[in-house]
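Reading through the structure tokens given below for one structure.
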Amino acid sequence: VDRVEVGSDSNPLISMLSFLTSGALRKLRALFRSHPPSVLLFVNFNPLIDRIVIRIARKVNPQVRVVGLFHEPHTEGKLVYGWKRAIMLILYEFLTQGMARRSDAAILPSEQAGNTFERFYPGFKGDSRVIPLAYADVGCDEEIKRSLVSFLGHIGNAHQKGLDLFLEMVEANAARSGNLVFQLVTGDPPDRILDGLSEAARSSLLVVHRDRLPDEVNWRAIRESLGVVLLKGRVVTRGCVTASLIPS
């Protein structure tokens, strides 16, 4: 395995600058010249860098096959995330469409993603397949009773992963004197979120917060959960979420 480090910053422009100034571009060119690639597989897009990688690969092998994993081909209702993020999503989708034009095949990680891809990329000429996103169950060796309904991840935007729906579930359970216990595991400060909950809802919510969460904390949280929810509004509806997890 040959590794070409391009930086780990989530900002694509900063990653691009690192790619151009760190020697990674020179190393990649030398690597492709010595080992002309037959397949390129892109799992997490950086459309700025990926364009360069494809161009270099096709110079040494015009027949190289480009395969992209399109996690979220299109986001509807972008303004719910705020206008700044909405603009970023529009730009990212524009670049992603460019990646689709450069790809010979597309992998979609769910039926939802597959249907979205068909709707918003009607001119795609390559092959497309739905292949469920792989989940590595590294497990937790502790013998723990499964008793919680958990939400893991970023909470900076209430709508991004469906935190707003999760909190509605917590409140609904408390209002009905339900017996579910919920868990929130996040590296983001939770104070603002907790202040908006009723006292009854707050008493049924276990919060695990650290600035840096080691994998072991997340594995344990999953192990002690009846279910871990990801409630993106464009994937699920309020009705089915509430009906499926809140006892009547």
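Could you tell me the relative contact order of the chain? Use alpha-carbon pairs under 8 Å, at least six residues apart, and round to a whole percent. List each step's numbers first, then the result.
Values: 320 pairs, mean separation 37.6, N = 248.
Across the chain, relative contact order equals 15 percent.
Sorting TRP219, TRP83 by accessible area puts them as TRP83, TRP219; the probe is 1.4 Å, largest comes first, and only protein heavy atoms count. Three semi-axes describe the equivalent ellipsoid of region 34-153; taken as square roots of 5 times the Cα gyration tensor eigenvalues and ordered largest first, they are 30, 22, 14 Å.
Under a 5 Å amide H cut-off, with hydrogens placed 1.01 Å from N, VAL149 pairs with VAL181, PHE182, GLN183, LEU226 among residues at least 5 apart or on other chains. Can you pull out the chymotrypsin sites (Phe, Trp or Tyr not before Pro) in region 86-189 whose DSSP state is coil and whose Cβ has at most 15 other Cβ atoms within 10 Å? For chymotrypsin sites (Phe, Trp or Tyr not before Pro) across region 86-189 that sit outside H, G, I, E and B with at most 15 neighbouring Cβ atoms in 10 Å, the list reads TYR135. For region 20-43 versus region 150-175, the inter-centroid distance based on Cα atoms is 42 Å.
Applying the criteria of a DSSP loop state and at most 11 other Cβ atoms within 10 Å to the GluC sites (Glu not before Pro) of region 66-153 yields GLU76, GLU142, GLU143. Would you mind counting up the charge near LYS145? Only other residues with Cβ under 11 Å from its Cβ, with Lys and Arg at +1 and Asp and Glu at -1. For residues surrounding LYS145, the net value is -1.
Cα-Cα over 31 Å: which of LYS145/LYS232; LYS27/LYS84; LYS84/LYS232; LYS27/LYS161; LYS78/LYS125? Among LYS145/LYS232; LYS27/LYS84; LYS84/LYS232; LYS27/LYS161; LYS78/LYS125, the Cα-Cα distance tops 31 Å for LYS27/LYS84; LYS27/LYS161.
Mean silhouette area of the chain, derived from the convex hull of its C-alpha atoms and averaged over all directions, reads 15.9 nm².
The values are calculated or read from the model by the stated rules, or taken from the named source; none is laboratory data. On a predicted model such as this, the values are computed, not experimentally measured, just so you know. Every residue, glycine as well, gets a Cβ built from its backbone with ideal geometry; the counts of neighbours run over all protein chains shown. Keep in mind that these areas ignore ligands, DNA and RNA; they rest on the heavy atoms of the full protein, side chains included. Shrake-Rupley method; radii C 1.70, N 1.55, O 1.52, S 1.80 Å.
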